[in-house]
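Structure first, commentary second.
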Amino acid sequence: MVQIKDFKGFEGQVIQTQGWVTNKRSGKGLEFIVLRDGSGYAQCIVNANDVSEAIFATAKSTTQETSVKIAGKVVKDDRQEGGFELHVSQLSIIGTSPSFPISNKEHGVEFLVDKRHLWLRSKRQWAIMKIRNRIIFSINNFFQKEDFVQMDAPIFTGNAAEGTSTLFETDFYDRPAYLSQSGQLYGEAMAMAMGKIYTFGPTFRAEKSKTRRHLSEFWMIEPEMAFFDNEMNMDLIEQFIKYVVADVHENCKAEMEVLGRDTSIFDNIAAQEFPRLSYAEAVAVLKGEQKVDGKTTIETLENDLAETIATIESNKAEIIAKEKEIAAGVKKGKRNYLQNKIDGLKNQITDLEVKAKNIPKWLKSAQDFKFGSDFGGSDETVITRMYTVPVMVYNWPHEIKAFYMKRDASAPDLAKGVDVLAPEGYGEIVGGGERETNEALLIEKINEHKLPMDAFDWYLDLRKYGSVPHAGFGLGLERMVAWLCKLQHIRETIPFPRMYGRLKP
Ligand code: 4AD
Ligand code: MG
């Protein structure tokens, strides 16, 4: 069996391959099958003159997602994706596929999520999953080459790490336990043994709302480094993100093309330093008091709104024109084509209308933002639409950060945390910081956050025995995938999303 991605090594030879019929069209005495095998896509041509009547009939009978075994000659054709096609001599069916529910037509997203187990076979989802896979590979490569030790943190935990409001409680031999929100606290213990570690595991947060950024189960990468302060932490984050972006850029060109992702932004990321803004500066940017590249957020949002409304209008005009064309009478193929275009434009309008409704809300929330509070999703959107590279925000008001965050001795109101906000409106992808080493301050914070002290005795031990300055961060894998693929919603970044209201499939 030859995989489609390897066809180029078999030019002119007859080979065997297998896969699924992803698309098919018929001509006079010809069947054109687009075959998918997971490694790629290839057009397979069945010519009635070259095969037996029975094989031609079998080819004709295949439907979308029928699985087949094919023998044929590999022929170069530059017009084809991958550069090669197959001239079929043998074809047999492995499994039939009557009326596959997902066609090439436009479908509503809720329908597609319900059919996630089948939706994964579509080309866009294939591209996203390949990119996700590369990101994971690249993350591991980075930390391994930097001599970090990978560690697996427990998933059953006895304590909250990131606040009690998003804990999933479960039963652990008749005692309450919680699904881990973060491996960090265990990572800190391990860093005191190994120097530099990283976790890469599932984390769970009961986020009782539907947003485009939140999953209930997501994968997090959490490095933790002994003898690091927050400056060194930020240097590492920048180096890390640049490495992963460059690697994905180089190795996922075809997949990015499937997604229509404009990848020019990835070159910027390699070339530019990431801006580092204190929380106070970020607030000034948000409120339009500090310009970015000569523009304020307010002007930018107002321009965006005008553009969005104009696009909605032009889409509507295009729909009317296409409907007129249909009404005037066209052939069935053309009608389907036009109708599909119309459905696409309508879906686009739905998205744009959401945007047109959101922008005034973002504007208002930016203008009303209260210094000292945490950024909400819309605030992050407003800030990061101004940038083409990730922005690092540091020096946060300590009240809005986790209990373990190190206070700044020279500015006691501030904590040495860092959030990395991805550009193009994506917002937070990384949260991290330097850890509090002062045991008394930690105890004060644990009390302030109303956390059970006895669950943290082991954590406090880390400050008793050879405590050293240390820092780390957590990258949300799915947030990274969403941004690099430029997806509208996080649900497409993971094979089977778990989020509020969604446990199936
Ligand atoms: O900012 P967070 O809450 O930080 C921590 O958990 C720290 N313990 C990390 C550390 O310093 N070791 O979460 C880190 C990242 C966020 O920046 C975001 O990318 C992702 O995890 N994240 C989520 N991703 C998807 N769905 C959710 N509900 C997420 N919550 C956080
Ligand atoms: Mg955070």
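Annotations
- Taking the charge dipole of the chain about its Cα centre, with +1 at Lys and Arg Cβ atoms and -1 at Asp and Glu Cβ atoms, the residue from Ser165, Ile128, Val285 reaching farthest to the positive side is Ile128.
- Bridgeable lysines around Lys69 (alpha carbons under 17 Å apart, same-chain partners fewer than 8 residues away excluded): Lys5, Lys24, Lys60.
- In order along the range 185-195, the Karplus-derived 3J(HN,Hα) couplings, from 6.51 cos²θ - 1.76 cosθ + 1.60 at θ = phi - 60°, round to 4, 6, x, 4, 4, 5, 5, 6, 9, 10, x Hz, and Gly and Pro are given as x.
- Note on exposure: Lys123, Lys208 ranked by accessible area (1.4 Å probe, complete protein assembly) read Lys208, Lys123, with the most exposed listed first.
- When only the Cβ of Lys, Arg, Asp and Glu is charged (+1, +1, -1, -1), the dipole of the range 321-420 relative to its Cα centre reaches about 840 debye.
- Convex hull of the range 255-373 built on C-alpha atoms - directionally averaged projected area, nm²: 10.6
- Translational diffusion coefficient (Stokes-Einstein; Kirkwood radius from C-alpha pairs) of the range 9-166 at 4 °C, 1.567 mPa s, in µm²/s: 69
- Under 5 Å from the amide H of Trp396 lie the amide H atoms of Ala415, Gly417, each residue being 5 or more positions distant or on a separate chain, with H modelled from the backbone and absent for Pro and chain starts.
- Along the range 424-437 the Karplus relation, 6.51 cos²θ - 1.76 cosθ + 1.60 evaluated at θ = phi - 60°, assigns HN-Hα couplings of 6, x, 6, x, 4, 10, 10, x, x, x, 7, 9, 5, 10 Hz to successive residues, with x for each Gly and Pro.
- Rg/Rh, computed from the Cα trace of the range 399-483 with Rh as the Kirkwood radius, has the value 1.04.
- Spatially proximal lysines relative to Lys341 (Cα-Cα < 18 Å; intrachain offsets below 8 disregarded): Lys105, Lys316, Lys322, Lys324, Lys331, Lys332
- Computed about its Cα centre, the charge dipole of the range 4-95 is approximately 120 debye, with only Lys, Arg, Asp and Glu carrying charge at their Cβ.
- J(HN,Hα) series, the range 277-283, from Karplus relation 6.51 cos²θ - 1.76 cosθ + 1.60, nearest Hz, glycine and proline x: 10, 5, 3, 4, 5, 4, 5
- Each helix, a run of at least 4 DSSP H residues, gives -39500 (n - 2.57); summed and divided by the residues of the chain, these come to -12500 deg cm²/dmol at 222 nm.
- Amide H contacts of Glu428 (H built 1.01 Å from N, under 5 Å, at least 5 apart or other chain): Ala422
- Long-range tail of P(r) for the chain (Cα pairs > 46 Å, %): 23
- Simple point charges give the picture: +1 on the Cβ of Lys and Arg, -1 on the Cβ of Asp and Glu, and for the chain a dipole about the Cα centre of about 2540 debye.
- For Lys406, residues with placed amide H under 5 Å, excluding near neighbours: Lys416, Glu434, Arg435, Glu436
- Cα lying deepest toward the dipole's positive end in the range 284-366, options Gly294, Thr311, Trp362, charges on Cβ: Thr311
- Note on Asp293: accessible area is roughly 140 Å² with a 1.4 Å probe, heavy atoms of protein only.
- Per-residue accessible area (protein heavy atoms, 1.4 Å probe) orders His117, His107, His470, His87 as His117, His87, His107, His470, starting from the largest.
The values are calculated or read from the model by the stated rules, or taken from the named source; none is laboratory data. Predicted model, so just to flag it, every value in this text is computed and none were measured. Please note: Cβ atoms are built from the backbone with ideal geometry, for glycine as well, and neighbour counts cover all protein chains shown. Ligands, DNA and RNA are stripped out before the accessible areas are found, and what is left, the full protein with its side chains, is counted by its heavy atoms. Shrake-Rupley method; radii C 1.70, N 1.55, O 1.52, S 1.80 Å.
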